[in-house]
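No value in this document is a laboratory result; all are computed from the given coordinates. Predicted model, so just to flag it, every value in this text is computed and none were measured. Cβ atoms come from the backbone with ideal geometry, glycine included; neighbour counts cover every protein chain shown.
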Amino acid sequence: MDVLPAHFLIGISLGFILFLLATGLTLTMGLMRIVNLAHGALYMIGGYAGLAVAKLTGNFVLGVLGGGVCAGLLGLIMETGFLRRLYKRELDQVCLR
């Protein structure tokens, strides 16, 4: 009997993760016209950084904030360093990734 709620929660959490990834891809490709193929890699780096912060501090909320800040800073560096010069040139953006 305890297995059913656990499977339900795992399914809901996986659905939310897939929703976040799909929403990020839709926003970057649809609204900003940037081919961001590194979206999943940024998500993974943020997760690992958040896990490291949570293990060091023992605070889950601080880990979530740390992972978000780390992924955001890396995305900002990528945008200013590489993608800013390649707006409206989709093929060059794909070759960069």
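Of the DSSP H helices in the chain, those that are both long (alpha-carbon extent of 24 Å or more along the helix axis) and hydrophobic (Kyte-Doolittle mean at least 1.6) are 3-26, 60-81. Highest mobility in the GNM of the chain, judged by mean-square fluctuation with C-alpha springs under 10 Å and restricted to LEU51, LEU20, LEU31, is found for LEU31.
With contacts taken as Cα pairs under 8 Å at a separation of at least 6 residues, region 7-97 carries a relative contact order of 27 percent. Between GLU79 and TYR48, the FRET efficiency from the beta-carbon distance, with R0 = 25 Å, is close to 0.75.
Computing Cα extents along the principal axes in Å directly from the structure and comparing it against [x] 53, 30, 24; [y] 54, 30, 19; [z] 41, 39, 19 singles out [y]. The residues MET78, MET44, when put in order of fewest to most other Cβ atoms within 10 Å, stand as MET44, MET78.
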